[in-house]
1. Run down 75, 144, 101, 136 and say which single residue is assigned to a helix (DSSP H, G or I), in contact with a Phe, Trp or Tyr (Cβ under 8 Å, 6 or more places away or on another chain) and modelled with pLDDT of 85 or more.
2. All but one of (1) more than 18 Å from residue 153 (Cα to Cα); (2) at pLDDT 75 or above; (3) part of a helix (DSSP H, G or I) hold for residue 50, so report the exception by its number.
3. So which residues in segment 10-37 are over 13 Å from the mean Cα position of the chain (by Cα), surrounded by 11 or more Cβ atoms within 10 Å (Cβ to Cβ) and modelled with pLDDT of 70 or more, if there are any at all?
4. Here is a check on your reading of the model: is residue 82 modelled with pLDDT of 85 or more, surrounded by fewer than 13 Cβ atoms within 10 Å (Cβ to Cβ) and within 23 Å of the chain's Cα centre (by Cα)?
5. Among the residues of segment 85-116, count how many are surrounded by fewer than 13 Cβ atoms within 10 Å (Cβ to Cβ), under 16 Å from the mean Cα position of the chain (by Cα) and among the charged types (D, E, K, R).
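The values are calculated or read from the model by the stated rules, or taken from the named source; none is laboratory data. Everything numeric in this text was worked out from a predicted model, so none of it was measured. Cβ placement follows ideal geometry from the backbone for every residue including glycine, while neighbour counts extend to all protein chains displayed.
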Amino acid sequence: MKTVRPVLLALTFFVLGIAVTAFWHSRTAGRSPMNVGREADGPLSDRTKDVLKPLTTHPTAASPPDPAVAAEVRQAIPNLTAVSVEEGKRILTGAALKDFQAAANEMKARVTQAEERFVQAQNGGSEAERQAAREQLQRVRADQAEKLNQIAERLEARIAALERLKAK
C-alpha cells in the first residue's frame with residue numbers, strides 16, 4: 001500500500017501539470033479556450049453563435065477597468081507605461097504561474113493527508129470511515145481545483161485590465 005500514495009501523488013501532479021501547460025499554451029498562442037468554436041471547419045449555426053457570443057466578447061477598451069484589478073496590474077508592473085502589452089502579459093502570466101505553483105505546494109500537504117486517510121480507511125476502516133475519507137479527499141481536490149480556477153480567472157481579469165489601461 002505504500003506504493004499507492006506516490007502513484008496517486010504523481011497522478012495528481014501529472015494532471016496539474018497538463019492543466020498548467022494547456023493554460024500556458026492557450027495564453028502564449030494568443031488563443032483563448034473560449035474561442036474554440038471559431039476554428040470549426042464548417043460554418044457555425046446561428047444558435048451556436050448565440051451561445052458563443054457572450055463567451056468570446058471582451059469588454060470594450062472604452063470601458064474603464066475595475067479599479068482593484070487595475071491596482072493589481074500597476075503593482076505587478078510598476079513601469080506600466082514603458083512596458084508593451086505583450087511584455088505585460090508575459091509578466092502577469094509569470095506571476096500567475098508562481099501563484100499556481102504556490103497553490104499546488106500549499107495543497108500538496110492537504111491532498112497527501114487526505115489520500116493517506118483514504119488509504120487507511122480502505123485498508124481497515126468501516127464503511128462510514130471509508131465514505132468520510134472519500135468525501136474529504138473529493139473536497140480537498142475540489143478546493144484545489146477551485147483555487148487554481150480563481151488564479152486563472154484573476155489572470156484573465158488582469159490581462160483584460162492591462163489591455164484597457166494600455167489602450168488609453
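1. 136
2. (2)
3. Listed by number, the residues that qualify are 12, 13.
4. no
5. Result for segment 85-116: 2.
Table: residues versus (1) closer than 30 Å to residue 71 by Cβ; (2) modelled with pLDDT under 85; (3) under 17 Å from the mean Cα position of the chain (by Cα); (4) surrounded by 19 or more Cβ atoms within 10 Å (Cβ to Cβ).
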position	(1), (2), (3), (4)
148	yes, no, yes, yes
157	yes, no, yes, no
161	yes, no, no, yes
168	yes, yes, no, no
